[in-house]
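Asks: Below are the structure tokens for one structure; questions will follow.
The values are calculated or read from the model by the stated rules, or taken from the named source; none is laboratory data. Because the structure is predicted, anything quoted here is derived from the model rather than measured. Heads up, the Cβs are rebuilt from the backbone with ideal geometry, glycines too, and the neighbour counts pull from every protein chain shown. In case anyone asks, the SASA skips ligands and DNA or RNA and just uses the protein heavy atoms, side chains included. Shrake-Rupley method; radii C 1.70, N 1.55, O 1.52, S 1.80 Å.
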Amino acid sequence: MKNLHENEYVPYQMNYIKLVPEQNIVKGLKDQKAEMLHFFGSIPVFKQEFRYEEGKWTIKDLLLHLIDAERIFTYRALRISRNDATALPGFDENDFVLAANANERTYESLLEEYAIVRDATISLFSSFSESDVLKLGTASNASVSVRGIGYCILGHELHHKQIIIERYL
């Protein structure tokens, strides 16, 4: 699948990566930006702070989670591409969501931030050479590659889009 080796992604991330149809990461990031902005933009106001079950995230929480996760993933890709051998820690997405206060923000500000972060991700991945994307590092106690991270960004969003469709809309 996408010519990835097992040492290029955290094992659980294969659940995300297998959702990605696009072989070219930059093209996938660009296409997905338009798709996700349209998708999130079509969600009615009354659903934006809806929880399908007590203690579950709202759509605003999910959107900011995608933004935060993309920032973390791109930071990892940057460090690895620059030959930084530092093992990079994981993060607790639940702690991030609690601290982020997404539901206190406007939906428009979240969509704007998503677009800005995605543009930065596109710029970063566009700058990588063919050899950069093959570089390996350690994140979340596993070997990962820059391209593995790129596919994870794409698949992570597709995963959460499916959850929103199935449980929120």
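Asks: Test Asn24 against the criterion of being touching an Asp or Glu at 6+ places or on another chain (Cβ under 6 Å), surrounded by fewer than 20 Cβ atoms within 10 Å (Cβ to Cβ), on the phi < 0 side of the Ramachandran plot and not charged (D, E, K, R), and give yes or no. Please lay out each step first, then the result.
Replies: Values: touching an Asp or Glu at 6+ places or on another chain (Cβ under 6 Å): no; surrounded by fewer than 20 Cβ atoms within 10 Å (Cβ to Cβ): yes; on the phi < 0 side of the Ramachandran plot: yes; not charged (D, E, K, R): yes.
No; evaluated as a whole, the condition is false for this residue.
Asks: List the number of the failed condition for Leu88; all other conditions in (1) at pLDDT below 95; (2) in contact with a strand residue (DSSP E or B) (Cβ under 6 Å, 6 or more places away or on another chain) hold.
Replies: (1)
Asks: If you don't mind, there's one more thing I want to ask. Quick one: is Asp84 out of contact with any helix residue (DSSP H, G or I) (no Cβ under 7 Å at 6 or more places or on another chain), in contact (Cβ under 8 Å) with a residue 24 or more places away in the chain and more than 15 Å from Glu8 (Cα to Cα)?
Replies: Numbers: out of contact with any helix residue (DSSP H, G or I) (no Cβ under 7 Å at 6 or more places or on another chain): yes; in contact (Cβ under 8 Å) with a residue 24 or more places away in the chain: yes; more than 15 Å from Glu8 (Cα to Cα): yes.
Spelling it out, Asp84 is indeed out of contact with any helix residue (DSSP H, G or I) (no Cβ under 7 Å at 6 or more places or on another chain), in contact (Cβ under 8 Å) with a residue 24 or more places away in the chain and more than 15 Å from Glu8 (Cα to Cα).
Asks: How many residues are open to solvent by 70 Å² or more (accessible area, probe 1.4 Å) and more than 10 Å from Val10 (Cα to Cα) if we restrict to region 132-147?
Replies: The first filter runs over region 132-147 and keeps only residues open to solvent by 70 Å² or more (accessible area, probe 1.4 Å), leaving 134, 136, 141.
Checking which are more than 10 Å from Val10 (Cα to Cα) leaves us with 134, 136.
Final tally of qualifying residues: 2.
Asks: Test Phe91 against the stated conditions and say whether it is aromatic (Phe, Trp, Tyr) and surrounded by fewer than 18 Cβ atoms within 10 Å (Cβ to Cβ). Even if it seems obvious, please write down each step before you answer.
Replies: Numbers: aromatic (Phe, Trp, Tyr): yes; surrounded by fewer than 18 Cβ atoms within 10 Å (Cβ to Cβ): yes.
For Phe91, the condition - aromatic (Phe, Trp, Tyr) and surrounded by fewer than 18 Cβ atoms within 10 Å (Cβ to Cβ) - is met.
Asks: Out of (1) of a type outside the set (Phe, Trp, Tyr); (2) open to solvent by 50 Å² or more (accessible area, probe 1.4 Å); (3) part of a helix (DSSP H, G or I), the odd one out for Asn3 is which?
Replies: All conditions pass for Asn3, except number (3).
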